[in-house]
Amino acid sequence: MNSGREVIDGRLTVEGFSVAARAFADKWKTHNQSLPPWSWVPLINRTLLLSNQEEGYLSLENILILSSLEESTEDESLNVATECSEKEEPVDHTILVQNQENEAHYYDFHIVYSASYKVPVLYFRGYCSGGQPLSLDVIKKDLPSCSVSLLLQSKWTFITQEEHPYLNRPWFKLHPCGTEDWIKLLSQSSISAGCQMPVELYLVSWFSVVGQVVGLRIPLEMLN
């Protein structure tokens, strides 16, 4: 990291994460209006009961996945990852919607900074309309089919379950062990092209890969 504004070693500082998170949320709101915006959740100092606006995480919650559409629309609606489609489409065909009632699974997504890995981590949980949590086996059925294959094949992307670092409840997460390496590759590609990846594009580039796994596709315009 150079002055906290450019990505060199594949990692972020806390300050860099704050900058990248807000830039990501702004771009998402502008270019991905089919889904609700990500919100910044500031951390609370439990001693002073004061919020720290510079430290926090991104939250996207109450997203519904229609389980009843899985079989009939799998080829069209679940194939949202850019690496799993032979052609790029400007329209997002995900089945993530807000106002459906029958056979729906709710999902919450949080992007949290990992102080140990110094990279963002995607936490998520799924639950039924009655609030019952979904098991990983059920969640995998909601994922795009290519995502399940990716999870099985990739040494860099796999799901674990652990306590949410701020909510103290069990959530699933995409393990960040390989994040630094492939972000470093992306930043090196930028250097080869004569520029360095600005920190504002870190989460956009990261989520263009990570979002594929959970079926959240970002528009190509966000990468500009």
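The values are calculated or read from the model by the stated rules, or taken from the named source; none is laboratory data. Computed from a predicted model, the values in this text were never measured in an experiment. Cβ placement follows ideal geometry from the backbone for every residue including glycine, while neighbour counts extend to all protein chains displayed. Heavy atoms of the whole protein, side chains included, go into the accessibility calculation; ligands, DNA and RNA do not. Shrake-Rupley method; radii C 1.70, N 1.55, O 1.52, S 1.80 Å.
In the stretch 167-224, of all residues being on the phi > 0 side of the Ramachandran plot and modelled with pLDDT under 90, the one that is nearest to the chain's Cα centre (by Cα) corresponds to G215.
The residue that is surrounded by the most Cβ atoms within 10 Å (Cβ to Cβ), among those in the stretch 143-158 that are among the hydroxyl-bearing types (S, T, Y) and at pLDDT 70 or above, is S147.
Evaluated against (1) β-branched (V, I, T); (2) more than 26 Å from W182 (Cα to Cα); (3) modelled with pLDDT under 90, V138 falls short on exactly one condition, (3).
Contact annotation: residue pairs with Cβ atoms under 8 Å, 6 or more positions apart or on different chains, pairing a residue in the stretch 122-138 that is aliphatic (A, V, I, L, M) with a partner that is open to solvent by 60 Å² or more (accessible area, probe 1.4 Å), are L134/R125; L136/Q161.
Candidates in the stretch 23-40 are the residues that are open to solvent by 50 Å² or more (accessible area, probe 1.4 Å) and closer than 16 Å to Y107 by Cβ; of these, the one that is modelled with the lowest pLDDT is S34.
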